[in-house]
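Take a look at the structure below.
The values are calculated or read from the model by the stated rules, or taken from the named source; none is laboratory data. In this text the structure is predicted, and so the values were computed from the model without any measurement. Neighbour counts run over all protein chains shown; Cβ positions are idealised from the backbone, glycine included.
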Amino acid sequence: MSGRVRQPREEPIDTASTAALTLTGERTLPGIASENYWFRRHEAAYSYLAGRLAGDVLLEVGAGEGYGARLLSGRYRLTCALDYDAATADHLGRAHPGLRACRANLAALPFRTGCTDALVSLQVIEHVWHPAQFLAECRRVLRPDGLLALSTPNRLTFSPGLARGQKPENPFHVREFDAEELIALVAGHGFAVSELLGLRAGSRLARLDRRHGGLVAAQLRTPPSGWSPELAADVGSVTAADFAVGPGDPGAGLDLIVLARPA
């Protein structure tokens, strides 16, 4: 790892610049009240990783709007943010000029072998048709001592009752994973898994869950225009600090996070 490490940036997000991006039901955007829960849930994972990652070059694959790559970028000399969607890649370059934006397919990363200290890909692997090819590309571009950070919704809590290998109801997901499946996938394709972490609801968020009979279910039950004032207020009040990341029972996590290095 390089010794050239800067402190994380605390720049405000340009929410006006997200207007050109389309809400798909999968990509979340900052500054949208009805998306606040999902945005903060993602932000919590990035914030945790920002305290764990540092080096010379960082690559985020499936960067979306770019807020996560920007949060991480303060710890690196160069941060490359990659997304397949053309409008998203264009937005990345305009909204986050400190990032090196790139449009490409994750199955063929346009980077030389062994070029990056860390590769981050959060909430992406569940969308991938050929995960073996994707992980091979991740391993190729990572330096021998580089770090892979992957996250994905925990199948056991995201889709209760969905059996292993069963097609998810979510039309955007190809496959959803439990902890054992995710570890087996990563370890079976050239990586040694060093940590499995869970992102969970903290105590205040757990109280909101109980108040609404499940905060996620309450949000999905009806479009935001039909939310009660109480639900809208509680969704809007969620912060990244309402989530906790750490070891523990992997079956209880909302999201799973795997840290791994090339084997």
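Here are the numbers:
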item: Hey, L109 surrounded by 20 or more Cβ atoms within 10 Å (Cβ to Cβ) and in a loop (DSSP other than H, G, I, E, B) or not; result: yes
item: Residue check, P144 more than 18 Å from the chain's Cα centre (by Cα) and over 19 Å from L49 (Cα atoms); result: yes
item: Among the residues listed as G246, G236, the single one being more than 22 Å from N36 (Cβ to Cβ) and either within 18 Å of the chain's Cα centre (by Cα) or not charged (D, E, K, R) (or both); result: G246
item: The stretch 121-178, subset among the small types (G, A, S) and farther than 22 Å from S194 by Cβ, residue surrounded by the most Cβ atoms within 10 Å (Cβ to Cβ); result: S159
item: Check on V193, surrounded by fewer than 20 Cβ atoms within 10 Å (Cβ to Cβ) and modelled with pLDDT of 95 or more; result: yes
item: Failed item, numbered, when L150 is tested on (1) part of a loop (DSSP other than H, G, I, E, B); (2) out of contact with any Gly (no Cβ under 8 Å at 6 or more places or on another chain); (3) within 26 Å of E43 (Cβ to Cβ); (4) hydrophobic (A, V, I, L, M, F, W, C); result: (1)
item: Matching entry among T24, T28 (being modelled with pLDDT under 90, closer than 23 Å to V258 by Cα, β-branched (V, I, T) and in a loop (DSSP other than H, G, I, E, B)); result: T28
item: Yes/no for S159 being hydroxyl-bearing (S, T, Y), under 19 Å from the mean Cα position of the chain (by Cα) and closer than 21 Å to G62 by Cα; result: no
item: Considering residues of the stretch 217-263 that are of a type in the set (V, I, T) and touching a helix residue (DSSP H, G or I) at 6+ places or on another chain (Cβ under 8 Å) only, the residue nearest to E169 (Cα to Cα); result: I257
item: Qualifying residue in the stretch 88-106 (condition: farther than 21 Å from R41 by Cβ, in a strand (DSSP E or B) and among the basic types (K, R)); result: yes
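Yes or no, residue by residue, for (1) at pLDDT 90 or above; (2) among the hydrophobic types (A, V, I, L, M, F, W, C):
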residue	(1), (2)
A69	yes, yes
L72	yes, yes
A86	no, yes
C102	yes, yes
D117	yes, no
V120	yes, yes
Q133	yes, no
